[in-house]
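Here's the structure we're looking at; comments come further down.
The values are calculated or read from the model by the stated rules, or taken from the named source; none is laboratory data. Just so it is clear, the structure is predicted and the values come from calculations on it, not from any experiment. Backbone-built Cβ (ideal geometry, glycine too); neighbour counts: all protein chains shown.
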Amino acid sequence: MNKRNPVKGMILMTLALTFLFASCSDTWTPVTEVSQMDGRWKGTFTQIMSVDDYFGEGASNDLAVSVKISVDVELTINVSANTYNDSSKIVMAFSGKDVNAFWDEMSAFASYLGDVDNSKKTITMESNDSNTSIPSNFINGFEINQNGKKFRQTFIDDQYIIMKKQ
């Protein structure tokens, strides 16, 4: 009869899980040269927060309103030409118990921020920059993962937008 050692099985299971989780996490280090970012990258970011947390204390006039911020970015860096192209779309969608009262106040200046959809209570901002020269401080604040397939930058409240190499 074959006896199994439960301690040996637990040790093997622990090692397997440790390896699995270690291989799934990224190690981030500061970008030291623009050449590390050469190529085409895409990233997304979504966060829901109170209007006061995003715009600053008092922005909501004590109304119960949240904002969902969704960002889509595509960035192409051409190191040999010392240029980059980027396109981004940011959508701010407002919701909550007092959203209608808040929107009545917000809509007066929302069009200065971007395209407004009053029925959805959203503001959309789009940006497209082509063949922009890479400034000397371009890499400041960027971090890259251990295999060079992702980079990240702080976006809102110490949250990161992560760009993946395409």
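The residue of segment 35-49 that is farthest from residue 160 (Cα to Cα), among those that are in contact (Cβ under 8 Å) with a residue 60 or more places away in the chain and outside any strand (DSSP E or B), is 36. Considering only residues in segment 50-62 that are free of Cβ contacts under 8 Å to residues at least 24 places away in the same chain and assigned to a loop (DSSP other than H, G, I, E, B), the one that is surrounded by the most Cβ atoms within 10 Å (Cβ to Cβ) turns out to be 59.
Residue by residue, here is whether (1) among the acidic types (Asp, Glu); (2) under 30 Å from residue 134 (Cα atoms); (3) loosely packed, with under 14 Cβ neighbours inside 10 Å; (4) at pLDDT below 85 holds:
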{"site": "10", "(1), (2), (3), (4)": "no, no, yes, yes"}
{"site": "14", "(1), (2), (3), (4)": "no, no, yes, yes"}
{"site": "45", "(1), (2), (3), (4)": "no, yes, no, no"}
{"site": "48", "(1), (2), (3), (4)": "no, no, yes, no"}
{"site": "64", "(1), (2), (3), (4)": "no, no, no, no"}
{"site": "69", "(1), (2), (3), (4)": "no, yes, no, no"}
{"site": "75", "(1), (2), (3), (4)": "no, yes, no, no"}
{"site": "79", "(1), (2), (3), (4)": "no, yes, no, no"}
{"site": "86", "(1), (2), (3), (4)": "yes, yes, no, no"}
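For segment 111-164, residues that are surrounded by fewer than 12 Cβ atoms within 10 Å (Cβ to Cβ) and under 18 Å from the mean Cα position of the chain (by Cα) total 6. Annotation: residue 108 fulfils all but one of (1) free of Cβ contacts under 8 Å to residues at least 40 places away in the same chain; (2) buried (at least 17 other Cβ atoms within 10 Å of the Cβ); the unmet one is (2).
Every condition in (1) part of a loop (DSSP other than H, G, I, E, B); (2) in contact (Cβ under 8 Å) with a residue 24 or more places away in the chain is met by residue 135 except one, and the failing one is (2). The residue that is farthest from residue 136 (Cα to Cα), among those in segment 78-122 that are among the acidic types (Asp, Glu) and assigned to a helix (DSSP H, G or I), is 104.
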